[in-house]
Every structure is written in C-alpha cells, then in structure tokens.
Amino acid sequence: MEFEAVIGLEVHAQLLTQSKIFCACSTGFGAPPNSNTCPVCLGLPGSLPVLNREAVAMAVKAGLALGCQINRNSIFARKNYFYPDLPKGYQISQYDLPLGQDGQIEILTGVRQEAGHVGEYQPRTFGITRVHLEEDAGKLIHQQGRDSYVDLNRTGVPLIEIVSEPDFRSSQEAYDYLNNLRRTLLYLEICDGNMEEGSFRCDANVSIRPLGSSELGTKTEIKNLNSFRFLQRALEYEIERQKEVIGGDGQVEQETRLWDEEGQKTLVMRSKEEAHDYRYFPEPDLLPVVVSEEWIEELKAQIPELPEERRQRFVKEYALTHEEALLLTQTRQFAEYFETAVRTYNQPKAILNWMMGDLMGHLKQDHREIHECLIRPEHLANLVRLIDEGEISGKMAKQLFEKLYETGDDPETIISQENLQQISDEDQLTRIVDRVLEANPEKVEAYRAGKAGLLGFFMGQVMKETRGQANPEMVSQMLEGKLRSSP
Amino acid sequence: MPIGTREVEKIADLAHLKFDPQELERFVGHFQQILEYFAQLEAVSTENVESAHQAVEGKKRATPTREDEVRPSLPVATALDNAPESSEDHFQVPPVIE
C-alpha cells in the first residue's frame, strides 16, 4: 500500500523586545544566572503581570504577515503544569481566543527527484491555525543523578507560538515552510531566528495514511528539532518508521519522541510530564488584549516586502533561478545589498556570483554579517563594471576585492593607489611583446618548430614585465600572431 | 457530570496533592456541590449575551499595557532568598532527569 505523510509544525519564536512580556526585566541573552528576575517572573505571591505593548505589536505583525485574522479582543489563559522551569506553576498563554487565527501563506516549495535534489518548484498554500502570545519558561541545567539547577532569566521572555495546519506532505514541504517562516520573522525584525540558541524552536506532529484517504492516522510529536537539518532527517526517519510499523500490522502509538542526532533516530520520550491535562482557564490577572483598528493599520504599514514576494520578484526582475533568489533573500540586509549593487550596475548574475563567492566566504571566515562589512554594494558593482569594461582582469579583480573588503575604499581610488590598471594599450603591449620575443630567440625557434606549449612561457614573461597588468586576451592574440608569422 | 473518587484523585494528582480515602470522599461531596451550583446557573438564558472572561470585563475594558523599557531586576542574592536550596547563583531542585 502507498502511504502519504501528514505533517504539522508548531514553532515557538522569542520576540526581540527589550524587556519581558509581563515585567520590566531585561530579555538579554547570556546574562549571569538569575540576574534578570523580579517578583513577577519569579512568580512570587502578590505580584501582578503588566503586558508589554511592544510584544503585542510584534505578534500582530507576525499574524498579519501570515495572513491571519487578528482578533480585536483576545484572551490570556493559564496553562497549568508542574515543572521546575515554571515558577508560578502555570504559564500565561492563550487558548480560546488567540491573537491571530485562520491564516495562510503561499510559498514555492521544492519537489524532489529520486536523487534527492530539488527538481522543480511549485506554489503551495499552507494553513496557519493560530498565532498566539505567551511567556517563555526558565532554563534547567541537568546533572546526571544529581540535583538540577534552575536559571529563571528566560522566564517571561515573550514568545509567539505559530501553529500550522497539518498541510505538509513531505519533509521538503515542512522544510520550505519553516525556512520561509524564519525568514519572515527576520524580515519583520521581531525574532533573531537563532535555532541553536533556542530563540526559534520547532516541534513536529507526524502521521501517515493510505494515499487518497482523508482520515488522519495516529500522530507522534517530535521534539528537539533545533536545526533545519535535524528537522528534515527526523521527519524522514519518523515517516519511514511509521510505514514499517503499519506495514508490519502494528499500530502507531500516540507519543512524544525526541530526535537523537547521534543515533540518527527518534526515541520515545519518557517523562513525568506526559499528563497532557493543562486545565486551561482564563487568566484572572489580565483583562482582554484589545487591538484597535487604527493600531492594526499602523502595524500593517510597517510590514516590509516579505521574503517570498521578494524571492519571486527577484526571479522575474533579475532572471535568477529560484535557488539563487532564495539565497539572496535569506535576510533583508542581504537582499537589499544585492538590489543596491544592481541599481549601480545592472549585471545581476555577476554581482550574485561575487556576493555568493568571495563576499560570503570572507564574511563567514570573519563571522560577520553583511551590514557589518566595509565593502559597499556600490563598490562591488563598480568592481564588476571595471572587469566588464576591460579595465582590470579577473585575476586583478580578486586582488582588488581583497583591498575593497579590507579598507572600504572605492575601487577607482585603490586602482590608482596600487597602480592596478590593466594595460590594454596596443602600442605599449606591442613593445613589451617584441622585447620578450627578442630576448628569447631559441624559444621562438623551438615554438615555430612545433613546441606549442611555449606560448605559456611567453605569456608569463609578458605578465612578469607588466606586474600582471597586461590584458591577457590581447597579449595572447599578439603572441600567436607574431609567432605564426615568419621573421 | 457525575464525580467519583477517581476524578478527584486525578485532579489531586495533577496538583501534586495526596489525600487519604476519607478526604477523597469528602472532596467528592464538595465537587458535587460545586457542579450542582453550575447546573443551576445553566438554567439562566444567556442568549444574546456576549461571553465574558472576567467579572470586570466590558466593551472598553482592555488590559493596561506598559512601554517596552527595562528596569533594574532584583539582586541575585535577593532573588534566591526564598529558595529552599540554591547553589552557584542557581535555584537547586531535586533531579529532573534520572
């Protein structure tokens, strides 16, 4: 029997506010343990939460960007459970009436061929069940067999939870959705999207069913998916595992599983917290969150062109492939750098190659972001123009790039300072070529006697004479012409 | 909904509470009283009445908000003051994972 996978994703994203959601403690990452705490986030009796307006604004923007209906009145609820990372014994979250609901996004998603490569892209629409606001829990430090430590700095950091419909039919679709969601939050500047540090976390619900069936099979929940690679591998593993269970006349158990990267498999999570009975009830300490029409309009106006729109526009406007456009639109800064460069000199492909090659390489090596880089997009564009106009050779361009990257100066200044111009003057080159040939009469004889490989030797001599600045194409043509003709 | 000792035990378990059989019986009685009271409320017609989540709720009652500004937190020693056990600036709790 043929099966299809049914996958839904639940994402938790930390919002980039300065202060926590219900108190004025800092949200700064990496502060000394328990130094960002107060009676509210410690859950001390008698303290009361006061909502951070900016957290609501960010969550509304996320909801709007994901096509959600924004509820003008939404309700906070208490989700009750006991765990040492939750000092109050409940998490303030949303249940009945979330801030946003019933959204959808249309993205291009890859269809993979048998070899595993993405063969083509197709537009697909994925439903967003809800976007709601809640507070993060603290951090536990476990020690084998000994007491655990609790750091409550993270307690009360604002989170949005984004729940998708079970609309993904392959790990690739889930991957493309998650990637788009992450880019969207980055573009909105409401989350830093760091999966390793846990500011962007993902859980997946996975089930399988016979192809063509509309009923849902029993699902498992997979946690610990803290990178895109883990997500894809864990989903693939879990889909295969469930196929084997059902193929062997077994039944999939509804359970929570953890991705074990080392063992490359999902494992059943055994925990005392399996009692999924959170006894939600409306948070009595907070009145409804009211989002006015005017506020929504104001926030709507702040939403920039989103990554998927921009990606599709790049494909059309600059004749790029989907992969290229995807790479360029990873972050807003990167995309804007590209567009500024292209406005300066309209050669998108060449600029893309420099950005993805030399520039990315250098940035990665120096652990820098594009906006921290000295070389201006206009300068990079001019570098490409200088190559096209024959002012500098490809080899010289590499040298020039290094200088641009180090100094932030414009290419023309560096060329004149470093004397980097390419020599394309015919008379000047003729003189040099003649001098080289005259100085090596035996080699000229040998060449004419059939040793064609000596052309490289003459090229090298000319380059040596000109400190690498001779126009290589011109020199090569001249040499061939002069060597062919008898003296 | 009929309430028995099993339901009370489950709720007590979720709240990390333990009761002896007599106490459980007593709570079954309390729970039943409460539920009977809600059953009485069911008799009231709430047609055309918007559902409320808080007693003070009204059309204009929005939860107050604050600006996103950081204010000083407690000194770590003060934050840890009520903890039964602490060590190296952390709250210390019995092992969570075996």
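The values are calculated or read from the model by the stated rules, or taken from the named source; none is laboratory data. Just so it is clear, the structure is predicted and the values come from calculations on it, not from any experiment. Cβ atoms come from the backbone with ideal geometry, glycine included; neighbour counts cover every protein chain shown. For the accessible areas, the whole protein counts, side chains as well, though only heavy atoms, and no ligand, DNA or RNA atoms are used. Shrake-Rupley method; radii C 1.70, N 1.55, O 1.52, S 1.80 Å.
A few comments on the model shown:
- The one condition in (1) crowded, with 17+ Cβ neighbours inside 10 Å; (2) over 24 Å from A:Gly394 (Cα atoms) that A:Leu479 fails to fulfil: (2)
- All conditions in (1) open to solvent by 80 Å² or more (accessible area, probe 1.4 Å); (2) within 9 Å of another protein chain (Cβ to nearest Cβ); (3) more than 26 Å from the chain's Cα centre (by Cα); (4) of a type in the set (Asp, Glu) hold for B:Asp68, with the sole exception of (1).
- Filter result for the condition that a residue is crowded, with 19+ Cβ neighbours inside 10 Å and either under 30 Å from A:Gly250 (Cβ atoms) or not assigned by TED's automatic domain parsing to the domain that holds A:Lys61 (or both), over A:Tyr177, A:Tyr187: A:Tyr177
- When the range A:306-325 is filtered for residues that are more than 13 Å from A:Lys349 (Cα to Cα), acidic (Asp, Glu) and touching a residue at least 12 places away in the same chain (Cβ under 8 Å), only A:Glu308 remains.
- Options A:Glu294, A:Glu273: the member that is within 14 Å of chain B (Cβ to nearest Cβ), modelled with pLDDT of 90 or more and either closer than 30 Å to A:Val40 by Cβ or within 33 Å of the chain's Cα centre (by Cα) (or both): A:Glu294
- Annotation: of all residues in the range A:422-439 being surrounded by 16 or more Cβ atoms within 10 Å (Cβ to Cβ) and either polar (S, T, N, Q) or at pLDDT below 85 (or both), the one that is nearest to A:Leu479 (Cα to Cα) is A:Leu429.
- The number of residues in the range B:73-92 that are within 24 Å of the chain's Cα centre (by Cα) and either more than 7 Å from every other protein chain (Cβ to nearest Cβ) or on the phi > 0 side of the Ramachandran plot (or both) comes to 3.
- Taking first residues from the range A:78-96 that are assigned to a strand (DSSP E or B) and partners that are open to solvent by 50 Å² or more (accessible area, probe 1.4 Å), the Cβ contacts under 7 Å between residues at least 6 apart in sequence or on separate chains come to A:Arg78/A:Tyr280; A:Arg78/A:Phe281; A:Lys79/A:Tyr278; A:Lys79/A:Tyr280; A:Asn80/A:Tyr278; A:Asn80/A:Arg279.
- A:Ile414 fulfils the conditions (1) without any contact (Cβ under 8 Å) to a residue 24 or more places away in the chain; (2) touching an Asp or Glu at 6+ places or on another chain (Cβ under 9 Å); (3) open to solvent by less than 20 Å² (accessible area, probe 1.4 Å) except for a single criterion, (2).
- Residue check: A:Gly156 meets all listed conditions (1) small (Gly, Ala, Ser); (2) on the phi < 0 side of the Ramachandran plot; (3) touching a Phe, Trp or Tyr at 6+ places or on another chain (Cβ under 7 Å) but one, namely (2).
- Cβ-Cβ contacts under 6 Å between residues 6 or more apart (or on different chains), taken from a first residue in the range A:362-383 that is under 16 Å from A:Glu402 (Cβ atoms) to a second residue that is open to solvent by 80 Å² or more (accessible area, probe 1.4 Å) and charged (D, E, K, R), are absent.
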